[in-house]
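Below is one structure, written out as structure tokens; comments come after it.
The values are calculated or read from the model by the stated rules, or taken from the named source; none is laboratory data. Since this is a predicted model, take the numbers as computed values, not measurements. Neighbour counts run over all protein chains shown; Cβ positions are idealised from the backbone, glycine included. The protein model used for the area step is the full one, side chains on, heavy atoms only, and it has no ligands, DNA or RNA in it. Shrake-Rupley method; radii C 1.70, N 1.55, O 1.52, S 1.80 Å.
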Amino acid sequence: MSQNNQELERTITADITPEKAEKKVLVAGHVHETRILGKIAFIVLRDFSGTVQLTAIKNQTPEETFNRIKQLTHETVIQATGTVKANPQAPRGIEILLESINILSKAEPLPITVTEKGIKIGLDKRLDYRCIDLRKPENKAIFIIQNAIVDGFIEWFKKNGFVRVFTPCIIGSSSESGADVFEIKYFDRKAYLRQDPQLHRQLTIAGGFEKIYDIGPSWRAELSHTTKHLCEHRSCAAEIAYIKDETDTMRVEEQLVISALKHVKKTCKEELELFNAKIKIPETPFPELRFPKIYEILKSLGKELPEGSDLDTESEKLLAEYVKKKYNTEFFFINRFPFATKPFYVMRVDDQPFYARSVDFYFGEIELSSGGQREHRYEKIMEQIRIKGMNPKRLEWFTKFFKWGVPPHGGFSIGIERFTEALLKLDNIRKAVLFPRDPERVLP
């Protein structure tokens with residue numbers, strides 16, 4: 001490589017290793033920290049791949065470069081050249097002995113800190129300045145891990161013959177309840193942002209596909225202010241044809257989850273260390289709890305729910321503790337929910353129509369997914385629409401295709417942000433979203 005600075009190509013900090021000692025490099029990134037200690041000065045330079053120490057020594061470093069360090073503000077973007085030196089006392093055992101600094105973009109005083117040593121800043125303010133907040137190594141790590149989760153999903157789907165599809169985000173009719181959808185103006189008529197790509201996945205199965213998956217956003221117009229709810233979230237959804245019952249979907253989902261966990265464990269060691277997160281690959285099959293037995297379990301734990309009731313937050317927490325104690329795992333399924341608590345398209349148990357083949361999947365006390373077996377018989381679908389008090393005409397665009405032969409099928413939809421939240425034990429799901437959307441926040 002030529003020693004002319006103009007011909008040096010940028011090296012990312014992760015690639016600066018002791019093996020590069022005595023080589024000249026060009027680096028670029030944000031000024032994470034500066035320290036001037038008399039005749040020696042340090043810059044911690046941060047780029048997307050990590051940090052590296054830049055060192056300037058009076059009478060060894062050009063005077064102009066040494067003096068320029070005093071002008072640097074936190075988060076100023078610089079380009080620097082120097083020679084890599086092995087130094088056991090430096091972070092990672094290396095440093096760059098500075099030769100030149102070029103300021104690419106000077107940063108004004110920050111509204112929030114990035115290093116945040118000893119300073120606690122509320123989540124709302126951090127989200128107001130999310131772009132700066134994302135520069136923190138811990139926050140960057142969240143999304144590297146989230147990316148690995150999705151890569152693990154996709155890797156398993158590819159190995160097992162699933163076809164990726166893209167379902168519409170704009171729908172002409174709400175799929176579950178009209179109260180929780182965002183209405184939009186679509187030319188001269190009303191349309192809605194989808195709550196879930198559920199019905200279109202089913203129609204894709206009706207179209208002759210047998211194993212599909214879909215990754216994308218969904219929206220719910222819920223005035224929820226919990227640490228687990230968002231108005232916009234992303235999910236990984238799968239639909240499978242020719243299943244024998246809902247347990248087939250459970251076997252797929254647990255393998256998908258294990259693939260994601262293995263991929264994160266393999267590729268995100270440094271990021272996991274920032275959260276002191278240790279991944280233990282769970283054994284399969286995951287435990288399954290079923291209604292109505294769940295009511296008895298909860299009663300034994302001091303919680304009484306009337307039969308037919310859905311689970312509340314306290315119940316979810318108690319069941320997670322019960323599973324952890326009895327099965328030594330955080331992963332479990334809840335099956336056969338009361339039909340009254342579920343959408344019209346789920347399949348009821350023929351000999352117990354009060355209950356549905358509806359499955360929720362939990363990671364600790366956080367519900368990661370809903371799924372199960374769908375009703376594929378036209379007459380049953382129409383009966384269930386009537387039971388739910390819905391207008392059959394409004395759903396005809398969906399239901400009519402079931403007149404013409406649809407195989408038994410089922411699937412599930414895993415919340416990507418919730419998976420991230422549960423895996424890293426985050427105290428708020430908003431930390432697992434680049435730019436979260438909730439009832440109060442639509443900017444930045």
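Please give the FRET efficiency for Ala21 paired with Asp128, using the beta carbon to beta carbon distance and R0 = 41 Å, rounded to the nearest 0.05.
0.40
Quick one: putting +1 on the C-beta of Lys and Arg, -1 on the C-beta of Asp and Glu, what dipole do you get for the chain around its Cα centre, in Debye to the nearest 20?
With only Lys, Arg, Asp and Glu charged at Cβ, the dipole is about 340 debye.
For the chain, with the dipole built from +1 on Lys and Arg beta-carbon atoms and -1 on Asp and Glu ones, taken about the Cα centre, which of Gln71, Val181, Val257 lies farthest toward the positive end?
It is Gln71.
Based on the inverse mean of 1/r over its pairs of different Cα atoms, what is the Kirkwood hydrodynamic radius of the range 1-76, in Å?
13.4
In square nanometres and to one decimal, what's the mean projected area of the convex hull around the Cα atoms of the chain?
26.9
How much space per residue, in cubic angstrom, does the convex hull of the C-alpha atoms of the range 296-444 take up?
Hull volume normalised by residue count: 171 Å³.
Give, in nm to one decimal, the length gained when the segment between Lys317 and Arg394 is fully stretched (0.36 nm per residue of separation minus the Cα-Cα distance).
24.0 nm
If N is the number of residues in the range 209-359, what value comes out of its Cα radius of gyration divided by 2.2 N^0.38 Å?
Relative to the rule-of-thumb radius for its length, the range 209-359 sits at 1.18.
Suppose every K and R has +1 on its Cβ and every D and E has -1 on its Cβ; what is the size of the dipole of the range 83-154 about the Cα centre, in Debye to the nearest 20?
140
Under the 0.36 nm per residue contour assumption, what length would be gained going from the current alpha-carbon distance of Asn147 and Asp180 to full extension?
Fully extending the segment from Asn147 to Asp180 adds 9.0 nm.
Taking only Cα atoms, what is the 0 to 90° angle, nearest 10, from helix 378-387's long axis to the longest principal axis of the chain?
Helix 378-387 and the main axis of the chain meet at about 90 degrees.
Given points 7 Å out from each Cα along the Cα-Cβ axis, report the Lys380 to Arg92 separation in nanometres with one decimal.
5.7
Return the long-range amide H neighbours of Ser174 (sequence gap of 5 or more, or a different chain), with a cut-off of under 5 Å between placed amide H atoms.
none
Top to bottom by accessible area (1.4 Å), largest first, where do Tyr192, Tyr362 land?
Correct descending sequence by accessible area is Tyr192, Tyr362.
Can you show me the helix-derived [θ] at 222 nm for the chain, built from DSSP H runs with n ≥ 4 at -39,500 (n - 2.57) apiece and divided by the number of residues, rounded to the nearest 500.
Rounded to the nearest 500, the figure is -8000 deg cm²/dmol.
Roughly how tilted is helix 246-267, in degrees to the nearest 10 and between 0 and 90, from the longest Cα axis of the chain?
Helix 246-267 sits roughly 0 degrees off the main axis of the chain.
Using a Förster radius of 60 Å, what is the FRET efficiency between His229 and Ser100 based on their Cβ-Cβ separation? Nearest 0.05, please.
So, using R0 = 60 Å, E works out to roughly 0.75.
Kindly state, as a whole number, the per residue volume in cubic angstrom of the convex hull around the alpha carbon atoms of the range 256-323.
Considering the Cα atoms of the range 256-323, their hull volume per residue is 120 Å³.
Angle between the Cα long axis of helix 137-159 and the longest principal axis of the chain, 0 to 90 degrees, nearest 10?
50
If you roll a 1.4 Å probe over the chain with all protein chains in place, what percent of the accessible area is carbon or sulfur?
That fraction is 52 percent.
Could you calculate the FRET efficiency of Ile119 with Phe166 from 1/(1 + (r/R0)^6), where r is the beta carbon distance between them and R0 is 60 Å, rounded to 0.05?
Result of the calculation: an efficiency of 0.90.
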